[in-house]
Amino acid sequence: MDTLLTIVDFLVLGLIIAIPILLLHILKWSTIEHYSIYYFSIGLLLLGLAIYFFAWWTYEADMMRLEYYGYNIDGMNDEEFYGKVLPENMEKVKSIQISVMGIGWKLKAIFGFIAAIPYLLIVYIGYILLQLIKRIKRNHSSDKIIQKKLYLCKNN
């Protein structure tokens, strides 16, 4: 069960990382001339939804893990909370309980969204720099071809 929940966590995290890159490729092949406004507005919307889902899924996965290990969320004292938890799982259950009892998943989603805004900007700047480097290399290689042709013309 832990493996399945962890796989879903990594898939959603990979989606969060891939959304800005895929969005840039889609907008590059579209007919939109100035796609930076579209990139940031659609990117913020998609990243916000993905981060919201990731925060919710992390909370739900932790609750599923607690239930799987025998933790009773409706208990009134430690005996009722940990009554069905096996001794070898006690450390895992306590660490999961501590992570669940912190700030809520909605506040984690808000903090994650705020942290993702610079990532969206960094991906865009990196993409622009890559385009610039490719253009410079292309121009530089065409300059070498022209120089070779001129050299051959002078020698003949």
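Only the coordinates and a few stated rules stand behind these numbers; no lab work does. All figures in this text were calculated on a predicted structure; none of them were measured in a lab. Quick reminder, even Gly has a Cβ in these numbers, built from the backbone with ideal geometry, and neighbours come from all protein chains shown.
Met90 satisfies every condition listed in (1) under 27 Å from the mean Cα position of the chain (by Cα); (2) surrounded by fewer than 17 Cβ atoms within 10 Å (Cβ to Cβ) except (1).
Any residue in the stretch 88-109 that is hydroxyl-bearing (Ser, Thr, Tyr) and touching a residue at least 24 places away in the same chain (Cβ under 8 Å)? So far as the stretch 88-109 goes, yes, one or more of its residues are hydroxyl-bearing (Ser, Thr, Tyr) and touching a residue at least 24 places away in the same chain (Cβ under 8 Å).
Inspection of the stretch 12-30 identifies at least one residue that is more than 19 Å from the chain's Cα centre (by Cα) and surrounded by fewer than 12 Cβ atoms within 10 Å (Cβ to Cβ).
Restricting attention to the stretch 31-48, and to residues there that are outside any loop (DSSP other than H, G, I, E, B) and of a type in the set (Ser, Thr, Tyr), which single residue is surrounded by the most Cβ atoms within 10 Å (Cβ to Cβ)? The qualifying residue surrounded by the most Cβ atoms within 10 Å (Cβ to Cβ) is Tyr39.
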